[in-house]
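Heads up: the structure comes next, in structure tokens.
The values are calculated or read from the model by the stated rules, or taken from the named source; none is laboratory data. Source: prediction; values computed, not measured. Cβ: placed from backbone, ideal geometry, glycine included. Neighbour counts: every protein chain shown. Just so you know, the surface numbers come from the protein's heavy atoms only, side chains and all, with ligands and any DNA or RNA stripped out. Shrake-Rupley method; radii C 1.70, N 1.55, O 1.52, S 1.80 Å.
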Amino acid sequence: MRVAIIGAGWYGCHIARFLKSLGYSVTIFDRREDIMTEASGFNQNRLHQGFHYARDYETRMQSRDGFNRFLERYGHLTVDVSPNLYAVAADQSLIDYRTYKAIMASSGIEFTEVPPSACALNLTNISGVMDTAERAIDVDLARSFFRTELQDDLVLGTSIRQSDLQYRRHGVLLHGDCYDFLIDASWSKFLPLKSSVFFEPTVLFYYEFSLPPFALTLVDGPLASMYPTGQPGLYTLSSVTHTPLGQFATATEAEHRLNSVSREELDDIRFRMEE
Ligand SMILES: Cc1cc2nc3c(=O)[nH]c(=O)nc-3n(C[C@H](O)[C@H](O)[C@H](O)COP(=O)(O)OP(=O)(O)OC[C@H]3O[C@@H](n4cnc5c(N)ncnc54)[C@H](O)[C@@H]3O)c2cc1C
């Protein structure tokens, strides 16, 4: 069986590796010159356990169980983040610390309560802080691992258009090769999704610090968060309020918005995030 996969982000790479382990022959196409260079290469790389999701039981459980499954398969691509703190503000928070703590304790996710001074940043106006075992995915390690695992199966620098496909009775013809299955792992940039979704282009800010390592997330509300990358001293800053640049009906519109962000606009977003 031959499978063509469009998109070499986390989804495409994982699916390809899994199918290969079952004996399928896979070919992965990506429009970029390397793997994991879009969302999978530039995100906060947090391996969630559920602490982000005080408002949603199902997502908490998926995160808690997914954390363990991810570690079984790809634990060697993750790094320890210590301390990894979740803090609740004394005011302007959507949740109080006692409620947040009760939700996490009843979800079977382990944490330790710590004083605000556990964070290298000078935290004030905080009603409670917990230290968690969430980890970070090291994207450089992940890229290098999947490049090796999939080296004979990658076709990079190749954007696939719908006009490149010829549908056959059993499978598709793509660039002259026949495949039994085609998997779209392009985050809906190739084939439109049937369900109703919107696209959010995002900005993430990178900071260099010479402070002792830490991760800090403020719950619950804008979820402002500083998170370490795999590279020592390099952190990302994000917030649910300021990271998205808007909501768009199509990936093309979202990409256009992303490519037209000005320096002044970035400075303004950064200022509001840091506030
Ligand atoms: C700001 C931000 C922070 C995030 N933080 C976290 C986090 O901390 N933890 C977490 O678990 N998740 C996080 N996420 C979500 C995570 O990044 C995504 O869920 C994940 O990367 C999606 O992977 P993917 O493979 O589906 O998509 P992508 O990584 O976008 O991969 C799609 C690939 O398809 C390719 N492609 C597209 N169109 C074509 C085409 N026509 N032909 C060929 N190739 C094509 C692209 O080049 C790309 O490489 C975050 C996301 C954002 C935006």
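Out of the range 100-157, which residues are surrounded by 17 or more Cβ atoms within 10 Å (Cβ to Cβ), assigned to a loop (DSSP other than H, G, I, E, B) and in contact with a helix residue (DSSP H, G or I) (Cβ under 9 Å, 6 or more places away or on another chain)?
Within the range 100-157, Ser107, Ile109, Leu123, Glu134, Asp138, Leu150, Asp153 meet the criteria.
Report whether or not Ser25 is within 30 Å of Ser159 (Cβ to Cβ), in contact with a strand residue (DSSP E or B) (Cβ under 9 Å, 6 or more places away or on another chain) and of a type in the set (Ser, Thr, Tyr).
Yes; evaluated as a whole, the condition is true for this residue.
Among the listed residues Arg73, Arg2, which satisfies the condition of being open to solvent by 50 Å² or more (accessible area, probe 1.4 Å), in contact with a Phe, Trp or Tyr (Cβ under 6 Å, 6 or more places away or on another chain), of a type outside the set (Val, Ile, Thr) and away from the ligand (no atom under 12 Å from the Cβ)?
Arg2
So which residues in the range 223-262 are more than 12 Å from the ligand (Cβ to nearest atom), under 17 Å from the mean Cα position of the chain (by Cα) and assigned to a loop (DSSP other than H, G, I, E, B)?
Within the range 223-262, Ala224, Gly230, Gln231, Thr241 qualify.
Kindly indicate which of Leu237, Leu204 is open to solvent by 30 Å² or more (accessible area, probe 1.4 Å) and closer than 27 Å to Arg143 by Cβ. Spell out how you get there, then give the answer.
On the way: Leu237 fails: open to solvent by 30 Å² or more (accessible area, probe 1.4 Å).
On inspection, the qualifying residue turns out to be Leu204.
If you check every pair at least six apart or on different chains, which have Cβ atoms under 7 Å apart with a residue in the range 31-59 that is among the hydroxyl-bearing types (Ser, Thr, Tyr) first and a residue that is within 7 Å of the ligand (Cβ to nearest atom) second?
From residues that are among the hydroxyl-bearing types (Ser, Thr, Tyr), the pairs are Ser40/Gly9; Ser40/Trp10.
Condition test on Ser195, is it assigned to a loop (DSSP other than H, G, I, E, B) and loosely packed, with under 12 Cβ neighbours inside 10 Å?
Yes, satisfied.
Being part of a loop (DSSP other than H, G, I, E, B) and open to solvent by 20 Å² or more (accessible area, probe 1.4 Å) is the filter; apply it to the range 43-70 and report the residue that is farthest from the ligand (Cβ to nearest atom).
So the residue we want is Arg55.
Among what's in the range 21-42 and is surrounded by 16 or more Cβ atoms within 10 Å (Cβ to Cβ) and more than 10 Å from the ligand (Cβ to nearest atom), pick the residue that is nearest to Ser186 (Cα to Cα).
Checking each candidate, the answer is Thr27.
Select, from Thr158, Thr148, the only residue that is at pLDDT 95 or above, away from the ligand (no atom under 15 Å from the Cβ) and under 28 Å from the mean Cα position of the chain (by Cα). Show your work before the answer.
Details: Thr158 fails: away from the ligand (no atom under 15 Å from the Cβ).
From the options Thr158, Thr148, the qualifying one is Thr148.
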